[in-house]
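Since the structure comes first, as structure tokens, the remarks are kept for the end.
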């Protein structure tokens, strides 16, 4: 096949796949600005007769999305900061400090990352309810998000810090710098692309989490936005217009985070790939 025809075929297939992938998103956007009567008539893929943001207003007022949105921020923001801090410390220790149990400790983090979290639902519930007494609190969700994200984050940071030349660290030690000063003043500035990439991933995962909030939170007032979406489903009829509006609202923060950190995100994921 000629290169021109091959390129044309590639773009046709890529465009079709893109349209197939983005079709649910377009459907949600269209549904979120339509009335329930229009949806009941079967107009799912058509443009709305009258464009209105009333569904978004009802989602914030009737659906209490302002409370759920704030709860998600309260849960996600400190969790991301805590995981970044502890994983960067773990990554520095595993990558640049030599001690007897280095490799075994790395295997512990890898084992925790590979363990299916579904088998931990009941143990985590009893641990939160009976022993830690953090059930039905935001702190309990934050605590377990930190615990479950720390394995992957530490492995990610360790691999990135490995790319930092050892000569820089050794020169600082010869000059009398403590390990904490080396970490805080030399390693952290070099880790900014990796921190941005990891922060983007963590924010998306934690913000979009539904399972742990369902298991660990019962009170409606402290539920995150993903758990609050079910309150928009309606009692007797399916309120697809409100659910679509709520889903769009819930998707905005991760999209904004990725848009703001996109440059650092790509750089953090690809830096050191050639090595």
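The values are calculated or read from the model by the stated rules, or taken from the named source; none is laboratory data. Everything numeric in this text was worked out from a predicted model, so none of it was measured. Cβ placement follows ideal geometry from the backbone for every residue including glycine, while neighbour counts extend to all protein chains displayed.
The residues listed here are 106, 97; of these, the one that is modelled with pLDDT under 85, surrounded by 14 or more Cβ atoms within 10 Å (Cβ to Cβ) and out of contact with any strand residue (DSSP E or B) (no Cβ under 9 Å at 6 or more places or on another chain) is 106.
Yes/no matrix, rows are residues, columns are (1) crowded, with 20+ Cβ neighbours inside 10 Å; (2) in contact with a strand residue (DSSP E or B) (Cβ under 6 Å, 6 or more places away or on another chain); (3) on the phi < 0 side of the Ramachandran plot; (4) not assigned by TED's automatic domain parsing to the domain that holds residue 108:
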| site | (1), (2), (3), (4) |
| --- | --- |
| 168 | no, no, yes, no |
| 176 | no, no, no, no |
| 179 | no, no, yes, no |
| 185 | no, no, yes, no |
| 189 | no, no, yes, no |
| 196 | yes, no, yes, no |
| 207 | yes, no, yes, no |
| 210 | no, no, yes, no |
| 213 | yes, no, yes, no |
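Elements of the type helices (runs of 4 or more DSSP H) sitting completely within region 110-178 and holding at least 1 residues that are modelled with pLDDT under 85: these cover 121-126, 166-174.
The numbered conditions (1) closer than 30 Å to residue 215 by Cα; (2) touching a helix residue (DSSP H, G or I) at 6+ places or on another chain (Cβ under 6 Å) are all true for residue 96 except (1). Please work out if residue 101 is over 30 Å from the mean Cα position of the chain (by Cα) and closer than 30 Å to residue 192 by Cα. Against the criterion (over 30 Å from the mean Cα position of the chain (by Cα) and closer than 30 Å to residue 192 by Cα), residue 101 qualifies.
Within region 103-152, the set of residues being under 12 Å from residue 79 (Cα atoms) and in contact (Cβ under 8 Å) with a residue 24 or more places away in the chain comprises 138, 140, 141, 142, 144, 145, 146, 148, 149, 150. Taking region 247-275 as the range and being surrounded by fewer than 12 Cβ atoms within 10 Å (Cβ to Cβ) and at pLDDT 85 or above as the test, the residues that pass are 252, 255, 256.
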